[in-house]
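Values quoted throughout were computed directly from the atomic coordinates according to the rules given, and no laboratory measurement underlies them. Bear in mind the structure is a predicted one, so any value in this text is a computation, not a measurement. Glycine gets a Cβ as well: all are built from the backbone with ideal geometry, and neighbour counts include every protein chain shown.
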């Protein structure tokens, strides 16, 4: 048994096990060290732009009180920096000088390139060719920040293959390199570590909503690809049994909604696979949700009934994307547009939505669809 | 005598190729059951797996190839090598039982390190990064022999034999009491000779997969060149 029932674990080649042990020990020591928390807090407030505000979206959802947690206002434009900063501080504690990462939409790649520039680390980011086409501005940003982007030109040419290649790089360079994984996936302790670093979203939002409304939300909604913004948000409300936790997957990449138990990228979770255990392709207009796996904690929360997971189609996400822009003057990323689409029709009045990133990167893709 | 292990990807031609490898002097055949996301494999084995999957080589078909190979290679041990997702889907016990009925001797799961599911008996792997504690654990859990991964990296040919093998072999000799076979990055008779001077056997994968594409005659000659070197 793991921290997440039968989900999670360490399904990786032996070569990586000592590095995972070292990471786990370094993480426990950091968590118990006040100076680690103080440094993270300092970086969050003086560099990253925390705390991020809550915005009431009255024109987007008339008749409801939908609050947006504005992770799109973070430095680099998405929640990914919370995790990248924390892991960079950890990597320095572990004495690593080289960082390797995967990216789908490019937001995690940009966040990683950003912290590597700030900390003076060598940075290599693996990205599928299809995603490099869809998210060209982010490829260019990573280059400006001094990272090397390596194209992955086989298989699905998306996040799944980029993650496999990043892990292969880590296997090869494990003694000098920290793998800065971008979501709450991968072998233990990564899912737990990423959730903890992202839980600042939920802690802040809970406090802010109580201050604004004097009560807790009826529902908390977040998009789920690998699931890191959702798990960060959900962690703020896990103990509040009356608060519904709703994860929104892309309909064509619903690892929790239509998947089965399997093993991908080092963890046992709910994944898109055929009856032989071969991983199947995910399909989403949103590169950040276009992934056939999901964090093991989400599979666990689903099974114990603490969180529910629903889907939104490409068309529904595109509609919500446009409507938030026109009614609130906020251009969301396509990923949280999935959460916005479902939040509006939810049978609840006071709702908190994680607006996990901004949509500049998606303009070309959205304009091509219209 | 040193043991020679040859890896082949399970495809319709594999039984005949395995026979050729045995004729060339292979003592053990490793039979790859392809997986869509093989984290431990470099480009050659990954591409061979993609091709096998495109040809419909799923678990059932691989077990059939295993049984057909069994019929052609007399008593030569055949060891399936695959990834955890395949067994998770097929059923761990059912896989062990069905593979054994089809003629397998043990198995290797590339992403299931020692300590996980010890009840699933298999050949364990250790790497240059493994601590002494982990080498001892793998030695205690392994089934028959211990697979020494010569380098920190994925499968595939390298220019030179990994300098890490000597230290790994020395530590494993001290800590475990089973035969030690070295693999990863061994592609030439010179590599095989050097590795066999340290370990009890050598495993050759990526280069064998490439040569197998040229047919059974070429594979037999290649395996014979390795056999002669060790």
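Using every pair of alpha-carbon atoms in the range A:1-53, split the distances into 5 Å bins beginning at 0 and state the percent of pairs per bin, rounded to integers.
Taking every Cα pair in the range A:1-53, the percentages come to 4, 16, 13, 16, 16, 13, 15, 7, 1.
So what is the 222 nm mean residue ellipticity for chain A from helices alone, if each DSSP H run of at least 4 adds -39500 (n - 2.57) and you divide by all residues, rounding to the nearest 500 deg cm²/dmol? Before the final figure, lay out the partial values.
Numbers: 14 runs with 154 residues, N = 370.
Value at 222 nm, helices only: -12500 deg cm²/dmol.
Spin-label point model (7 Å from Cα, Cβ direction): what's the residue A:148 to residue B:131 distance in nm?
About 3.2 nm, to one decimal.
Sequence gap at least 6, Cα distance under 8 Å: using those rules, report the relative contact order of chain A to the nearest whole percent. Show your work: numbers first, answer last.
Details: 802 pairs, mean separation 75.3, N = 370.
With pairs under 8 Å counted, the relative contact order is 20 percent.
Given the options A:301, A:180, A:81, state which has the largest fluctuation in a GNM of chain A using a 10 Å cut-off (strictly under) for Cα springs.
A:301
How big is Rg to Rh over chain A, alpha-carbon atoms, Rh as the Kirkwood inverse-mean-distance radius? Before the final figure, lay out each step's value.
On the way: Rg = 18.8 Å, Rh = 20.1 Å.
Here the Rg-to-Rh quotient is 0.93.
In the Gaussian network model of chain A, springs joining C-alpha atoms below 10 Å, which of A:80, A:69, A:136 carries the largest mean-square fluctuation?
Of A:80, A:69, A:136, the most mobile in the Gaussian network model is A:136.
Using only alpha-carbon positions, what ratio does the radius of gyration of the range B:39-164 give when scaled by 2.2 N^0.38 Å?
Details: Rg = 15.4 Å, N = 126, 2.2 N^0.38 = 13.8 Å.
Normalised Cα radius of gyration, the range B:39-164: 1.11.
Counting other beta carbons within 10 Å of each residue's own, what order do A:119, A:60 fall into, fewest first? List each step's numbers first, then the result.
Working: A:119 15, A:60 22.
By the 10 Å Cβ count, ascending: A:119, A:60.
Please compute, over every Cα-Cα pair in the range B:3-229, the percentage with a separation greater than 24 angstrom. The partial results should precede the final answer.
On the way: 9746 of 25651 pairs.
Tail of P(r) above 24 Å: 38 percent of Cα pairs.
Going by C-beta contacts inside 10 Å, put A:152, B:178 in order with the fewest on the left. Before the final figure, lay out each step's value.
On the way: A:152 24, B:178 17.
Listing A:152, B:178 from fewest to most nearby Cβ atoms yields B:178, A:152.
Taking a quarter of the surface of the convex hull around the Cα atoms of the range A:308-367, what do you get in nm²? Present the calculation step by step, with values, prior to reporting the outcome.
On the way: hull surface 17.1 nm².
About 4.3 nm², averaged over all directions.
Take chain A, connect every pair of alpha-carbon atoms lying under 10 Å apart with a spring to form a Gaussian network, then pick out the residue of A:292, A:51, A:332 with the largest mean-square fluctuation.
Maximum fluctuation in the GNM of chain A, among the listed residues, is at A:51.
Taking every pair of alpha-carbon atoms in the range B:98-230, what share in percent sits in each 5 Å bin, from 0 to the bin with the longest distance?
2, 11, 20, 20, 20, 15, 9, 4, 0
What ranking do A:324, B:148 get, fewest neighbouring Cβ atoms within 10 angstrom at the top? Working shown, then result.
Numbers: A:324 26, B:148 31.
If I rank by nearby Cβ atoms, fewest first, I get A:324, B:148.
Considering only DSSP beta bridges whose two residues both sit in the protein assembly as shown, what percent are antiparallel, to the nearest 5?
20 percent
By average Cβ neighbour count within 10 Å, what is the ranking of B:49-58, A:109-118, B:16-25 from highest down? Before the final figure, lay out the partial values.
Working: B:49-58: 16.4, A:109-118: 26.2, B:16-25: 22.6.
Going by the mean number of other Cβ atoms within 10 Å, highest first, we get A:109-118, B:16-25, B:49-58.
In the range A:225-370, what % of DSSP beta bridges are antiparallel (nearest 5)? Kindly include the intermediate steps, with their values, before the conclusion.
Numbers: 7 of 13 bridges.
Bridges in the range A:225-370 are about 55 percent antiparallel.
Rounded to the nearest 0.05, what FRET efficiency do residue A:345 and residue B:121 give with R0 = 51 Å and r taken as the Cβ-Cβ distance? Could you check? Before the final figure, lay out the partial values.
On the way: r = 53 Å, r/R0 = 1.03.
Efficiency at R0 = 51 Å is approximately 0.45.
Would you give the gap between the C-alpha center of the range A:174-253 and the C-alpha center of the range B:73-142, rounded to a whole Å?
Cα centroid of the range A:174-253 versus Cα centroid of the range B:73-142: 36 Å apart.
Taking Cα pairs under 8 Å and at least six residues apart, what relative contact order does the range B:151-230 come out at, in percent? The partial results should precede the final answer.
Values: 104 pairs, mean separation 24.9, N = 80.
Result for the range B:151-230 is 31 percent.
Hey, what did chain B get for relative contact order, percent, Cα under 8 Å, at least 6 apart? Provide the component values of the computation, followed by the final result.
Details: 479 pairs, mean separation 54.5, N = 230.
Value for chain B: 24 percent.
On the principal axes of its Cα set, how long, how wide and how thick is the range A:137-206? Give whole Å, largest value first.
42, 30, 27
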